[in-house]
Amino acid sequence: MGVYMALAVFLVTVGRLGDLFGRKRMFMLGLGVFTLGSLLCALSSSISIGGLSHTSILLAARALQGFGGSFMLPLSLAIITATFAGPERGTAIGIWGGSTGLATAIGTVERRLAGMASGITGLCRQVGMAVGIAFLGAMLTSRYNTYVHDRILSWQAPGLTPTLRQHFIHVAQGAGDLSGSAGLAGAGSQYTSLPLFPGLSHLARIAFVEGTIDILRIAAAVLAVGFLASVFLVRRADLRYEAQGTQPSVDGRSAGDLQERGMASHAG
């Protein structure tokens, strides 16, 4: 409940702060806060802060997650709205809404299946999801900036002076990878009258595609390693239960206890 209260309370205020200090900057701040809150949630049962109980630490961490989410929810939609126009805006908002709904559904399924992965701790799941998203987002920005820089430096066009070349690099990198995906249509609109802007827009799109391909490769490798590690951990836990002659527990109760309780309820 604390996460939803924090999300609702700061939603409008954070949206206004994004207008004052920059949507991208505040969104990255919210992503960092949400990642920190997720880390504290995962560690809440293992750390002590002052005289707070583990439950109090968990509730505070969940509220911190909600505070970070209050940055990400409205500002992500505002960035999409400012970046895309026309039919592309409707498509982008549709993808945003679909991803939000899918994340809600997957979260419920993940909680139900968490007990099956007996070798994977809550720390792995919490930190893996939150830090993984932050890492891939930062990596995408880094790869986009690198590709933009290299492609503009190697760009050969009439009238492209070294000063104008560096200016274009600054414009494309400052606009961000999301704007680059739209060919700088939003943040770079003040330069659309330049004769070289169509070429710059094309290079920004290519840089975003190349950066996204790199991220997909990295994500696929990480998922493959995580899947193999999960299989290994679960199998190791199963072998330990087999050696002990017991069965994995469900919600803190062994399968034998659940069976005995079921038989007793039927007998009653």
Tally time: how many residues in the range 125-161 are aliphatic (A, V, I, L, M), surrounded by fewer than 18 Cβ atoms within 10 Å (Cβ to Cβ) and modelled with pLDDT of 90 or more? 1
Residue pairs within 7 Å by beta carbon, gap of at least six or interchain, first lying in the range 199-211 and not assigned by TED's automatic domain parsing to the domain that holds G183, second among the basic types (K, R), listed first then second, are none
Only one of these conditions is not met by H202: (1) more than 24 Å from R25 (Cα to Cα); (2) at pLDDT 85 or above; (3) under 17 Å from the mean Cα position of the chain (by Cα). Which number is it? (3)
Residue satisfying condition, being buried (at least 21 other Cβ atoms within 10 Å of the Cβ) and aliphatic (A, V, I, L, M), within set L52, L59, L31, L11: L31
Given the options I213, I206, name the one that is among the β-branched types (V, I, T), surrounded by fewer than 19 Cβ atoms within 10 Å (Cβ to Cβ) and in contact with a helix residue (DSSP H, G or I) (Cβ under 7 Å, 6 or more places away or on another chain). I206
Do any residues in the range 57-80 that are more than 18 Å from T13 (Cβ to Cβ) have Cβ atoms under 8 Å from those of residues that are hydroxyl-bearing (S, T, Y), where the two are at least six apart or on different chains, and which pairs are they? I57/S44; I57/S48; L58/S44; L58/S45; A61/S38; A61/S44
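Residue-wise test of (1) within 25 Å of S142 (Cα to Cα); (2) assigned to a loop (DSSP other than H, G, I, E, B); (3) assigned by TED's automatic domain parsing to the domain that holds G137.
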{"residue": "G15", "(1), (2), (3)": "no, no, no"}
{"residue": "M26", "(1), (2), (3)": "yes, no, no"}
{"residue": "S46", "(1), (2), (3)": "no, yes, no"}
{"residue": "A60", "(1), (2), (3)": "no, no, no"}
{"residue": "L64", "(1), (2), (3)": "no, no, no"}
{"residue": "E88", "(1), (2), (3)": "yes, no, no"}
{"residue": "G94", "(1), (2), (3)": "no, no, no"}
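The values are calculated or read from the model by the stated rules, or taken from the named source; none is laboratory data. Please read all numbers here as calculations on a predicted model, not as lab measurements. Please note: Cβ atoms are built from the backbone with ideal geometry, for glycine as well, and neighbour counts cover all protein chains shown.
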